[in-house]
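Everything below concerns the one structure shown next.
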């Protein structure tokens, strides 16, 4: 007998892992780990975010995010600047190299998913489309619990 939550969690993790492996194959430059990509994507959405804000949004300890920031600064993907209103705080900005890598990754991810979904039968594509609202609800619930 199958357990839907367990099957779904395992399948979702497996799809995510396979997508990362496929996308990693075409990347130029040093590899970027998952948490580093998450931080870059956060700064892309919230330019000028403080390290403390990034830590809160990511649900990580401040020193963990500081380590990620140092790694990404060293890799030339993130700029750390002193906040104008508080000289003790740092604000984060993407470098042009990071912007290019994020755009390239997003374009390649979209192309990969279009290709793979296009290989599915019409019935399977319809089932995926019908599942999108439920998946959004699942993601929203996970986000709300994390934010609480």
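The values are calculated or read from the model by the stated rules, or taken from the named source; none is laboratory data. Fair warning: this is a prediction, and the values are worked out from it, not measured in the lab. Cβ atoms come from the backbone with ideal geometry, glycine included; neighbour counts cover every protein chain shown.
Suppose the filter is part of a helix (DSSP H, G or I), touching a strand residue (DSSP E or B) at 6+ places or on another chain (Cβ under 6 Å) and without any contact (Cβ under 8 Å) to a residue 24 or more places away in the chain; does residue 73 pass it? So that I can check it myself, show each step before the final result.
On the way: part of a helix (DSSP H, G or I): yes; touching a strand residue (DSSP E or B) at 6+ places or on another chain (Cβ under 6 Å): yes; without any contact (Cβ under 8 Å) to a residue 24 or more places away in the chain: yes.
For residue 73, the condition - part of a helix (DSSP H, G or I), touching a strand residue (DSSP E or B) at 6+ places or on another chain (Cβ under 6 Å) and without any contact (Cβ under 8 Å) to a residue 24 or more places away in the chain - is met.
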When the residues of region 21-44 are filtered to those that are over 11 Å from the mean Cα position of the chain (by Cα) and free of Cβ contacts under 8 Å to residues at least 24 places away in the same chain, which remaining residue is nearest to residue 71 (Cα to Cα)?
31
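Can you pull out every residue in region 118-129 that is more than 22 Å from residue 4 (Cβ to Cβ) and either under 17 Å from the mean Cα position of the chain (by Cα) or in a helix (DSSP H, G or I) (or both)? Step through it out loud before you land on a result.
Taking region 118-129 first, the residues more than 22 Å from residue 4 (Cβ to Cβ) are 118-119, 122.
Result: 118, 122.
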Selection status of residue 102, in contact with a strand residue (DSSP E or B) (Cβ under 6 Å, 6 or more places away or on another chain), crowded, with 17+ Cβ neighbours inside 10 Å and in a helix (DSSP H, G or I)
no
Among the residues in region 59-80, are any at pLDDT below 90, loosely packed, with under 12 Cβ neighbours inside 10 Å and under 16 Å from the mean Cα position of the chain (by Cα)?
yes
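Name the one entry in 97, 55, 84, 110 that is exposed (fewer than 12 other Cβ atoms within 10 Å of the Cβ) and part of a helix (DSSP H, G or I). Even if it seems obvious, please write down each step before you answer.
Numbers: 97 fails: exposed (fewer than 12 other Cβ atoms within 10 Å of the Cβ); 55 fails: exposed (fewer than 12 other Cβ atoms within 10 Å of the Cβ); 84 fails: part of a helix (DSSP H, G or I).
The conditions single out 110.
Test residue 132 against the criterion of being at pLDDT 95 or above and more than 17 Å from the chain's Cα centre (by Cα), and give yes or no.
Values: at pLDDT 95 or above: no; more than 17 Å from the chain's Cα centre (by Cα): yes.
The answer is no for residue 132.
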